[in-house]
Amino acid sequence: MLLAIDVGNTNTKFAFFEGDQIVNTFRLTTATPRTSDEFGMTIEGLTGRFGIGKKDIHGIIVSSVVPDIMHALNNSLYRFLGRTPMIVGPGTKTGIRLVKTNPQEVGSDRIADGVAALNLYGGPVIVVDYGTATKFDYFSAEGVFESAVTCPGIMISARALWGGTAKLPEIEIKDPGTIMAKDTITSLQAGIMYGHIGEAEYIINRLKEESKEDNIKVVATGGLSSIIYAKTDAIQYLEPDLLMHGLRIIYDKNK
């Protein structure tokens, strides 16, 4: 069994693979400070709940955009699961070629998304990742990471709106069913939902226009991807676990 771990700015996701299938997942809050013992006991407790022992885990791979927690996490994985994790970073074979000015700036999450999208859907492909930030990444058919567009995430935008105003309430992020809003709640929902749908459609169309490529596929992933995917024809595929599948593929390339 392979354990894939995605350390994001908001959550840390754990996914257990049998072959190419995810059999169990769980999440921890990334922002909560933890020692290696606290990490280890939490991971050990949750894996035990699923009936997974450390002897069942043959490998671990980690993608992280939060360097501060990696020392404690790595120690906990070795001490409690008996495995030294593979960390996605410079020197890891991915099949992705970078043309950015400074390749060191590219997050391993974006690379893993691209690996999965190219393997599952083929290129050229645009990956739209709805996480803490909303990321639009374009990969050519040859596996070149051609462009990366980064926008404020849906929840960050929403919290900035109601956190920076005295009378606007915190709301559920959902489609109000119409842009003809009649009250404060639906006004906020319409602005957030349709604003981000419009953002997606414009950026995707602009990437297609400037790339001068035909038949570009678009796949969405991330926490709030499903509500945007359901409301636009600009996105053809939805894969909530795209990054985790990318980690699985990277592990197989390097093991």
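Of everything in the range 220-242, what is assigned to a helix (DSSP H, G or I) and out of contact with any Lys or Arg (no Cβ under 8 Å at 6 or more places or on another chain)? Give them in sequence order.
Ser225, Ser226, Ile228, Tyr229, Leu242
For the range 233-243, how many residues are more than 15 Å from the chain's Cα centre (by Cα), surrounded by 16 or more Cβ atoms within 10 Å (Cβ to Cβ) and farther than 16 Å from Asp137 by Cβ?
Total satisfying the criteria: 0.
Going through Gly222, Gly246 one at a time, which residue ends up being buried (at least 24 other Cβ atoms within 10 Å of the Cβ), at positive phi and of a type outside the set (A, V, I, L, M)?
Being buried (at least 24 other Cβ atoms within 10 Å of the Cβ), at positive phi and of a type outside the set (A, V, I, L, M) holds for just one of Gly222, Gly246, which is Gly222.
Would it be correct to say that Ile249 is within 18 Å of the chain's Cα centre (by Cα) and either not assigned by TED's automatic domain parsing to the domain that holds Ser64 or not small (Gly, Ala, Ser) (or both)?
yes
Does Ala116 meet the test of being more than 20 Å from Ile203 (Cα to Cα), crowded, with 16+ Cβ neighbours inside 10 Å and under 14 Å from the mean Cα position of the chain (by Cα)?
Here the answer is yes, as Ala116 does meet what is asked.
Got a sec? Which of Ser140, Ser211, Ser187 is surrounded by 17 or more Cβ atoms within 10 Å (Cβ to Cβ) and either outside the structural domain of Leu242 (by TED's automatic domain parsing) or small (Gly, Ala, Ser) (or both)?
Ser140
Among the residues of the range 30-52, write down those that are on the phi < 0 side of the Ramachandran plot and not in a helix (DSSP H, G or I).
Thr30, Ala31, Thr32, Pro33, Arg34, Thr35, Phe50, Ile52
What are the residue pairs meeting all of these: first residue in the range 19-33, first residue within 23 Å of Val66 (Cβ to Cβ) and hydroxyl-bearing (Ser, Thr, Tyr), second residue at pLDDT 95 or above and surrounded by fewer than 15 Cβ atoms within 10 Å (Cβ to Cβ), Cβ atoms under 6 Å, and 6 or more apart or on different chains?
Close Cβ pairs satisfying both conditions: none exist.
Determine which member of the set Arg110, Arg159 is surrounded by fewer than 18 Cβ atoms within 10 Å (Cβ to Cβ) and either outside the structural domain of Ile52 (by TED's automatic domain parsing) or at negative phi (or both).
Of the residues listed, the single one that is surrounded by fewer than 18 Cβ atoms within 10 Å (Cβ to Cβ) and either outside the structural domain of Ile52 (by TED's automatic domain parsing) or at negative phi (or both) is Arg159.
Exactly one of these conditions fails for Gln189: (1) under 30 Å from His245 (Cα atoms); (2) in contact with an Asp or Glu (Cβ under 8 Å, 6 or more places away or on another chain). Give me its number.
Here Gln189 meets the rest and fails (1).
Going residue by residue through the range 220-228, is there one that turns out to be of a type in the set (Gly, Ala, Ser), closer than 30 Å to Pro85 by Cβ and without any contact (Cβ under 8 Å) to a residue 40 or more places away in the chain?
Within the range 220-228 (the criterion being of a type in the set (Gly, Ala, Ser), closer than 30 Å to Pro85 by Cβ and without any contact (Cβ under 8 Å) to a residue 40 or more places away in the chain), the answer is yes, since at least one residue qualifies.
Quick one: in the range 79-88, which of the residues that are over 23 Å from Ala116 (Cβ atoms) and in contact with a Gly (Cβ under 9 Å, 6 or more places away or on another chain) is surrounded by the fewest Cβ atoms within 10 Å (Cβ to Cβ)?
Arg79
If you check Gly89 against the conditions, is it in a loop (DSSP other than H, G, I, E, B) and within 19 Å of the chain's Cα centre (by Cα)?
In short, yes.
In the range 180-219, what residues are under 18 Å from Ile154 (Cβ atoms), among the β-branched types (Val, Ile, Thr) and either in contact (Cβ under 8 Å) with a residue 60 or more places away in the chain or part of a loop (DSSP other than H, G, I, E, B) (or both)?
Ile203, Ile204, Val218, Val219
The values are calculated or read from the model by the stated rules, or taken from the named source; none is laboratory data. Keep in mind it's a predicted model, so treat the numbers as computed, not measured. Neighbour counts run over all protein chains shown; Cβ positions are idealised from the backbone, glycine included.
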